[in-house]
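Notes follow the structure.
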Amino acid sequence: MHQGLTIGELANRSGLAVSAIRFYETHGIVRPLRNQGGHRRYGRSDLRRLSFALIAQRLGFPLAEIAGHLATLPADRAPDRQDWERIATGFRNRIAERIAALQALSDKLDGCIGCGCLSLDKCSLYNPEDWAARKGQGPRYLMGDRPEGTDG
Ligand code: FES
């Protein structure tokens, strides 16, 4: 029988509201088991999973990607140190990619501060690598499409 934590206990331990934990559960961040009475019970690894998600969100990563990292943890046993180290390594690489992308944007910002055109077609800061063209013909952002990375 799985003892585990109730959702209220997990809320107390994590500092999150019960509703927030349910939200994270909906997105696959925590994965409670059921006790004999059919009630959700959370493991210690769920606390770690929540911590990981909160940190990753603060770094600006979308929940779907965070859930993707967590989905690589074993489902049939509690994750061990090696499992978490594997996740950390993969995530560290993603952070390095993000830092490089932000540095590239920062470098372009210098030129754009002097320019100020914010051209939908030409500004590499507003429309890097002409992402808007991938959405179709015409002034895509004016037609309601959102720039990459701003869809939520
Ligand atoms: S503001 Fe003119 S190119 Fe970015």
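Here are some notes:
- Long-range amide H partners of residue 5 with built H, under 5 Å: 42, 43
- For the pair residue 134 and residue 65 in one chain, pulling the backbone fully straight at 0.36 nm per residue adds 22.6 nm over the alpha carbon distance.
- Accessible-area composition of segment 7-109, carbon plus sulfur, in percent [1.4 Å probe]: 54
- Karplus-derived HN-Hα couplings along segment 6-16 (A = 6.51, B = -1.76, C = 1.60, θ = phi - 60°), whole Hz, x at Gly and Pro: 6, 5, x, 5, 5, 4, 4, 6, 8, x, 9
- Ordered from largest to smallest accessible area (heavy atoms of protein chains, 1.4 Å probe), the residues 7, 95, 21 come out as 95, 7, 21.
- Placing unit charges on the Cβ atoms of the charged side chains and taking the dipole of segment 1-134 about its Cα centre, the candidate lying farthest along the positive direction among 61, 103, 71 is 71.
- The residues neighbouring residue 41, those whose beta-carbon lies less than 15 Å from its own, together hold a net charge of +4 under the Lys/Arg +1, Asp/Glu -1 convention.
- Dipole magnitude of segment 1-62 about its Cα centre (Cβ charges: Lys, Arg +1; Asp, Glu -1), debye to nearest 20: 100
- With DNA, RNA and ligands ignored, accessible area of residue 118 (1.4 Å probe; Å², nearest 10): 110
- Centre-to-centre, using Cα atoms only, segment 106-120 and segment 1-50 are separated by 46 Å.
The values are calculated or read from the model by the stated rules, or taken from the named source; none is laboratory data. These figures come from a predicted structure and were not determined experimentally. Reconstructed Cβ throughout: ideal geometry from the backbone, glycine too, with neighbour counts over all protein chains shown. With ligands, DNA and RNA removed, areas are computed over all heavy atoms of the protein, side chains included. Shrake-Rupley method; radii C 1.70, N 1.55, O 1.52, S 1.80 Å.
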